[in-house]
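**Q** Provided herewith is a single structure, encoded as structure tokens, for subsequent inquiry.
The values are calculated or read from the model by the stated rules, or taken from the named source; none is laboratory data. Just so it is clear, the structure is predicted and the values come from calculations on it, not from any experiment. Every residue, glycine among them, receives a Cβ derived from its backbone with ideal geometry; neighbour counts consider all protein chains shown. Ligands, DNA and RNA are stripped out before the accessible areas are found, and what is left, the full protein with its side chains, is counted by its heavy atoms. Shrake-Rupley method; radii C 1.70, N 1.55, O 1.52, S 1.80 Å.
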Amino acid sequence: MSNISKSGVDFAANFKRAIPEFKKIVGDKWVVSDQESLYAYRSPESTVEDDAFLPSAVIAPGSVEEVQAILKVANAHKTPLSPISTGKNYMYGGPAPRVKGTGVLDLRRMNKILEINERQNYALLEPGVSFLDLHRELRRRGSKLWVCPAAPGWGGVVGNALDRGVGWTPYGDNFGAQCGMEVVLANGELIRTGMGALPGSNTWQMFKYGFGPYVDGIFTQSNFGVVTKMGIWLMQEPPVVKPVMVSFENEEDLGILVDALRPLRVNGLLPGALMIFDYLSEAATEMTRSELEPAKGLLSEKSVKEICKRMDCGIWNLYTCFYGTQEIVDAAYAIFEATLKKIKGARFFLEGSRDDRPGWKYRTSLMRGQPNMGEFTQLNWIGSGGHVAFAPILPLEGEHAMRMYHLIKKLYNDAGFDPVLDFAIGGREMHCVLMFYFDRSNPEERKRADAVFRKAIFEAAKLGYGEYRTHLAFMDDVASTYNYNNAAMMKFNETLKDALDPNGILAPGKSGIWPKSMRGIRK
Amino acid sequence: MMTGRAVVGAAVWLLASFHVQAQQMTSNLAELEKQVKAQDQLPLGHRLFEQRCAICHGSEPYHPGTRVLSQRSANGQGSLQSRTYLTPAVVKAVVRNGLPQMFPFRAVDLSDQDLDAIANYVTDRSKP
């Protein structure tokens, strides 16, 4: 092993000593240290080189006891390990560790569905369970419960919730639907949060808060522990499911649409996913950019019109879904339709009108709890494997939507890219998600993509828009924008880190949180 | 006996009902349950293909793998299972190492034995 991490520390020697002990715990088969196999743990879509985040070793435990034993060895030999669940969300880094040369704790083997409760509508899962795994098991049991999938169906239910990802049903705040967790701390101690801290509790997956401080959140987007079990609330299939897409003709309609939706959302009329896709998000499900214009650069107005015509879509396209009894769906839909019809040019598409469109098909399947990989058709837009997501949070207000849209358009157009954009509406905010596709095989373009992404982080932050999640390569940059009161929040995180993980063996650098021994390398 | 106007009214109501129903999704949970259980009965390689590969390499237009392959192949043939020139070694190499838009499957996620079964299934010329 000759990988040298960017920390300046050569973990290779540490892992060399530790690997025989790891093998005694999990067996030879579940310790990976050959270069060829480790290559599968790269971040293959990023703005930097393939080997920028390669691990030195991967250890794959099969039980909580093995996790505890592994962390004991990791502490003894100072071999940092980054836990992954399914490790498949590549636009945020996938299975790769933040620091090259450290290790990965691959939890995919821990893939048991420990409980599905049909009366209280929840499941208790190990971290290696994917949305597809859970969906398949629910269907196998003849259950009426739905998964709340994020767009790539092979993602981990636990991993997605711990990264505070977004799903496509009314349960779409995936961490919001989490209830109770079991965590192995860096020192090997096992805790259960919420009502799970009461032995024999019968409400661990029913009441989130337990007694005393509510700590579940500190194990999200962090490196404070290894989650080995997690409860998740599940939605039951309603009697009626009515998906709809509404298209809007003009750029400025985005602001008007957001202001029209806000009272309906905040007051509870629209509990389902509310996803606004731009015309490029539509195009990317069926076309490649090179079909429209072979030459690189920005798309012409002519191509924009061509897209809208071929895709039968607008500049903006809202997808949502209504759920409930017939009476509820009819009443809610009537109000929704009357509200949006006031926007000139709005066109409504219901079931039966776009069924042959891949975009409609995969999105409406997601909205009824059916995980799939349809979103990955968009990767073919550029087709050379470059994809990271820029995801700031903004108020659910038209003025802010337009400001963010124009900011992104200017920054990315100036750098030579057409942004592929969508907005996922939350409770009172919107996740703006720029699905940034670029030609990764072109070093100059990759470098330009990296530069504009970093610039966008800081330009957005100046206007009060912080990112909710980011790729490994940008974690320090994003963390640095959350610097209120002399970066008091980061100091708080570091205090927790030093107390919980003094040897820094868990995912150093995740979300910009570094152990004491490695703080010197923070950008 | 219904008057002519009542007959027309009833017909309009019936048509409106069907129109409303066509704009809503009916439950397909029973069908999905059948599909999952049917997949469980398939021979190993075929079963694993349906469970692990078909999400991208199935036949629907929103299956990204099929779409990409249809663009990359000379005759527009996107179906992985229909390709006659693949060998198990090629399938395994691509699955383990990945390609642009085909992400690698690590052994912890898909074991060597399971990958062997999938590769043999995909390249089996005798399958229907």
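**Q** Spot the failing condition for A:Ser46; the list is (1) in contact with a strand residue (DSSP E or B) (Cβ under 9 Å, 6 or more places away or on another chain); (2) modelled with pLDDT of 95 or more, and only one is missed.
**A** (2)
**Q** Among the listed residues A:Met195, A:Met181, identify the single one that is surrounded by 24 or more Cβ atoms within 10 Å (Cβ to Cβ), of a type outside the set (Ser, Thr, Tyr) and free of Cβ contacts under 8 Å to residues at least 60 places away in the same chain.
**A** Just a single option satisfies the conditions, and that option is A:Met181.
**Q** When you go through A:Ala479, A:Ala456, A:Ala449, A:Ala507 one by one, which is the residue that is touching a Leu at 6+ places or on another chain (Cβ under 7 Å) and crowded, with 22+ Cβ neighbours inside 10 Å?
**A** A:Ala456
**Q** Residue by residue through the range A:380-409, note down the ones that are closer than 18 Å to A:Tyr279 by Cβ and either surrounded by fewer than 20 Cβ atoms within 10 Å (Cβ to Cβ) or free of Cβ contacts under 8 Å to residues at least 60 places away in the same chain (or both).
**A** The answer is A:Met402, A:His406, A:Ile408, A:Lys409.
**Q** Let me ask something else. Being at pLDDT below 95 and open to solvent by 50 Å² or more (accessible area, probe 1.4 Å): is that true of A:Asp330 here?
**A** Against the criterion (at pLDDT below 95 and open to solvent by 50 Å² or more (accessible area, probe 1.4 Å)), A:Asp330 does not qualify.
**Q** Taking only the range A:21-36 into account, find how many residues are modelled with pLDDT under 95 and either crowded, with 17+ Cβ neighbours inside 10 Å or touching a Cys at 6+ places or on another chain (Cβ under 8 Å) (or both).
**A** Residues that pass the stated criteria total 0.
**Q** Among the residues of the range A:134-172, which ones are of a type in the set (A, V, I, L, M) and either closer than 19 Å to A:Phe219 by Cα or away from chain B (no Cβ under 13 Å) (or both)?
**A** A:Ala150, A:Val157, A:Val158, A:Ala161, A:Leu162, A:Val166
**Q** In addition: When you check A:Gly416 against the structure, is it within 14 Å of chain B (Cβ to nearest Cβ) and surrounded by fewer than 21 Cβ atoms within 10 Å (Cβ to Cβ), yes or no?
**A** no
**Q** Let me ask you something else. Output the qualifying pairs, or none if there are none: Cβ atoms under 8 angstrom, residues six or more apart or on different chains, first residue in the range B:107-126 and within 20 Å of A:Asp133 (Cβ to Cβ) and in contact (Cβ under 8 Å) with a residue 12 or more places away in the chain, second residue among the charged types (D, E, K, R) and open to solvent by 60 Å² or more (accessible area, probe 1.4 Å).
**A** B:Leu115/B:Lys92
**Q** Same structure, new question: For A:Met489, work out the one condition from (1) aliphatic (A, V, I, L, M); (2) more than 14 Å from A:Ala389 (Cα to Cα); (3) touching a residue at least 60 places away in the same chain (Cβ under 8 Å); (4) not in a strand (DSSP E or B) it doesn't fulfil.
**A** That leaves (3) as the condition not met.
**Q** With the condition kept exactly as written, say whether any residue in the range B:19-42 is at the interface with another protein chain (Cβ under 9 Å from one of its Cβ atoms), open to solvent by 40 Å² or more (accessible area, probe 1.4 Å) and touching an Asp or Glu at 6+ places or on another chain (Cβ under 7 Å).
**A** Yes: one or more hits.
**Q** Taking the condition closer than 30 Å to A:His77 by Cα, crowded, with 18+ Cβ neighbours inside 10 Å and touching an Asp or Glu at 6+ places or on another chain (Cβ under 9 Å), does A:Ala473 pass?
**A** Yes: the conditions hold for A:Ala473.
**Q** Tell me which of these B:Gln81 doesn't satisfy, since it passes every other one: (1) within 13 Å of chain A (Cβ to nearest Cβ); (2) under 19 Å from the mean Cα position of the chain (by Cα); (3) open to solvent by 40 Å² or more (accessible area, probe 1.4 Å); (4) modelled with pLDDT under 95.
**A** Of the numbered conditions (1) within 13 Å of chain A (Cβ to nearest Cβ); (2) under 19 Å from the mean Cα position of the chain (by Cα); (3) open to solvent by 40 Å² or more (accessible area, probe 1.4 Å); (4) modelled with pLDDT under 95, the odd one out for B:Gln81 is (1).
For (1) buried (at least 23 other Cβ atoms within 10 Å of the Cβ); (2) over 24 Å from A:Asp330 (Cα atoms), each residue gets a yes or a no:
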| site | (1), (2) |
| --- | --- |
| A:Gly225 | yes, yes |
| A:Val240 | no, no |
| A:Gly255 | no, yes |
| A:Val258 | yes, no |
| A:Leu264 | no, no |
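**Q** Also, quick follow-up: Working only within the range A:47-62, note down all residues that are within 19 Å of A:Pro508 (Cα to Cα), within 13 Å of chain B (Cβ to nearest Cβ) and open to solvent by less than 10 Å² (accessible area, probe 1.4 Å).
**A** A:Pro55, A:Ala57, A:Val58, A:Ile59, A:Ala60
**Q** Only one of these is farther than 23 Å from A:Ile393 by Cβ and within 14 Å of another protein chain (Cβ to nearest Cβ): A:Leu107, A:Leu114, A:Leu190. Name it.
**A** The conditions single out A:Leu107.
**Q** Mind listing just one residue for me: the one in the range A:341-366 that is part of a loop (DSSP other than H, G, I, E, B) and open to solvent by 50 Å² or more (accessible area, probe 1.4 Å) and, of those, farthest from the other protein chains (Cβ to nearest Cβ)?
**A** Residue satisfying both the conditions and the ranking: A:Lys344.
**Q** May I pose another question? Given the condition closer than 15 Å to A:Ala69 by Cα, without any contact (Cβ under 8 Å) to a residue 12 or more places away in the chain and more than 10 Å from every other protein chain (Cβ to nearest Cβ), answer yes or no: does some residue in the range A:15-22 qualify?
**A** Yes, some residue in the range A:15-22 is closer than 15 Å to A:Ala69 by Cα, without any contact (Cβ under 8 Å) to a residue 12 or more places away in the chain and more than 10 Å from every other protein chain (Cβ to nearest Cβ).
**Q** Quick check on the range B:99-110. Is at least one of its residues within 14 Å of chain A (Cβ to nearest Cβ), hydrophobic (A, V, I, L, M, F, W, C), surrounded by fewer than 18 Cβ atoms within 10 Å (Cβ to Cβ) and assigned to a helix (DSSP H, G or I)?
**A** No, the range B:99-110 contains no residue that is within 14 Å of chain A (Cβ to nearest Cβ), hydrophobic (A, V, I, L, M, F, W, C), surrounded by fewer than 18 Cβ atoms within 10 Å (Cβ to Cβ) and assigned to a helix (DSSP H, G or I).
**Q** Hey, could you check the range A:459-470 for residues that are of a type in the set (A, V, I, L, M) and open to solvent by 10 Å² or more (accessible area, probe 1.4 Å) and say which is farthest from the chain's Cα centre (by Cα)?
**A** By that ranking, first place goes to A:Leu463.
**Q** Could you please find all residues in the range A:63-104 being outside any helix (DSSP H, G or I), more than 17 Å from A:Gly225 (Cα to Cα) and more than 14 Å from chain B (Cβ to nearest Cβ)?
**A** A:Val99, A:Lys100, A:Gly101 - these are the residues of the range A:63-104 that are outside any helix (DSSP H, G or I), more than 17 Å from A:Gly225 (Cα to Cα) and more than 14 Å from chain B (Cβ to nearest Cβ).
**Q** Could I ask something else about it? How many residues, within the range A:403-424, are modelled with pLDDT under 95 and of a type in the set (D, E, K, R)?
**A** So the count comes out to 1.
**Q** Count, please, the residues in the range B:86-98 that happen to be open to solvent by 20 Å² or more (accessible area, probe 1.4 Å), small (Gly, Ala, Ser) and either more than 12 Å from chain A (Cβ to nearest Cβ) or touching a Phe, Trp or Tyr at 6+ places or on another chain (Cβ under 9 Å) (or both).
**A** 1
**Q** Just to be sure I understand the filter: pairs with C-beta atoms under 6 Å, separated by 6 or more residues or on different chains, first member in the range A:259-275 and charged (D, E, K, R), second member modelled with pLDDT of 95 or more and buried (at least 20 other Cβ atoms within 10 Å of the Cβ). Which pairs pass?
**A** Final answer for the pair search is A:Arg262/A:Leu396.
Okay, residues lined up against (1) within 13 Å of chain B (Cβ to nearest Cβ); (2) closer than 19 Å to A:Met245 by Cβ:
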| position | (1), (2) |
| --- | --- |
| A:Ala283 | no, yes |
| A:Met287 | yes, yes |
| A:Pro294 | no, no |
| A:Leu298 | no, no |
| A:Val304 | no, yes |
| A:Cys308 | no, yes |
| A:Cys313 | no, yes |
| A:Asn317 | no, yes |
| A:Thr325 | yes, no |
